[in-house]
1. Filter the stretch 248-291 down to residues that are assigned to a loop (DSSP other than H, G, I, E, B), modelled with pLDDT of 80 or more and either of a type in the set (Val, Ile, Thr) or touching an Asp or Glu at 6+ places or on another chain (Cβ under 6 Å) (or both), then give me how many there are.
2. If we keep just the residues of the stretch 79-109 that are at pLDDT 90 or above and out of contact with any Phe, Trp or Tyr (no Cβ under 7 Å at 6 or more places or on another chain), which is surrounded by the fewest Cβ atoms within 10 Å (Cβ to Cβ)?
3. Is it the case that the stretch 136-148 has a residue that's out of contact with any helix residue (DSSP H, G or I) (no Cβ under 6 Å at 6 or more places or on another chain) and at pLDDT 90 or above?
4. If you take the residues in the stretch 207-238 that are at pLDDT below 70 and touching a Phe, Trp or Tyr at 6+ places or on another chain (Cβ under 8 Å), which one is farthest from residue 158 (Cα to Cα)?
Amino acid sequence: MRHKYLRFPLLAVLLTTSLCWSQSAKKMTNSDIREMVSIGLSDDIIVDKIHASDSTDFDTSIEALRVLKTAKVSDAVIRAMINPRPVPIGNVATAQNPPINADPNDPLSPHDPGIYMYATGRNGVQMTMLEPTVYSQGKSGGVFASAMTYGIAKVKWKAVVRGAHANTRSSDSKMAFYFYFEEANAGLSHASFGGTTTPNEFTLLRFDEKKETRETVVMKANAFGSSSGTDEKANTGFTFAKLKPGVYKVTPSMPLTPGEYCFLSASSMGAYGAGSAGATRLFDFAVAPPE
């Protein structure tokens, strides 16, 4: 009789253990991704779900990728499926000491602080760092009118960049950008760039192209005061999403037409006095005509 009563607790323990094991052993698969896409979840939510999952079993073969694209799974989600455990920002493996097999064209891989163009070229999608460019300042437009009206009419101040074209160019009009902030290093968050910590502190501008220079309005002033700010005609809108601490994806509001562009920080637009360390730097690039 004693053995008979022991059977029930033992059976309960076995059933509970089996149930817990089956629940913990469940892995996220391609089917889960397709289901999340079908119910309309955003890419950010799906990617976060992948990164938060304890275990995954994704099939990223060519045939599986074809099925995923048919199900309208985005490239961003597929990249997360291929690399569901990215190296976190601030880990021992940094951009200066990248982990083995780190892909420099993968936005989730470690990168040096800065702004990167993410565009499709002849060799596929590539990330290219925008180097900071120095510009000069000068009055332009409204000088005569200001003199004739005793300073009532506003004078425009322009940022002038030498050279007709930026060194970084792409014909991909649907390019995106990635901002990597890192206060520990002399990057975007450093004082030389105005201490910026978010893309919301930048403006995307289209240059007025001259024969040997590129120009954009950064301030207007008259006898009653000044107002920092860019020319609305040159202002190109964008949206941004925070991918992880210090990393943002920036997407222009519409495809960029061929021309010369730059990212200018808000701290640079009105900083013209002594000690304005970030007042003469911007990040320029160009959109070339389709090849």
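1. Result for the stretch 248-291: 1.
2. So, considering only residues that are at pLDDT 90 or above and out of contact with any Phe, Trp or Tyr (no Cβ under 7 Å at 6 or more places or on another chain), the one surrounded by the fewest Cβ atoms within 10 Å (Cβ to Cβ) is 105.
3. no
4. Ranking the qualifying residues of the stretch 207-238, first place goes to 223.
The values are calculated or read from the model by the stated rules, or taken from the named source; none is laboratory data. This is a predicted model, so every value here is computed, not measured. Neighbour counts are summed over all protein chains in view; Cβ atoms, including those assigned to glycine, are modelled from backbone coordinates with ideal geometry.
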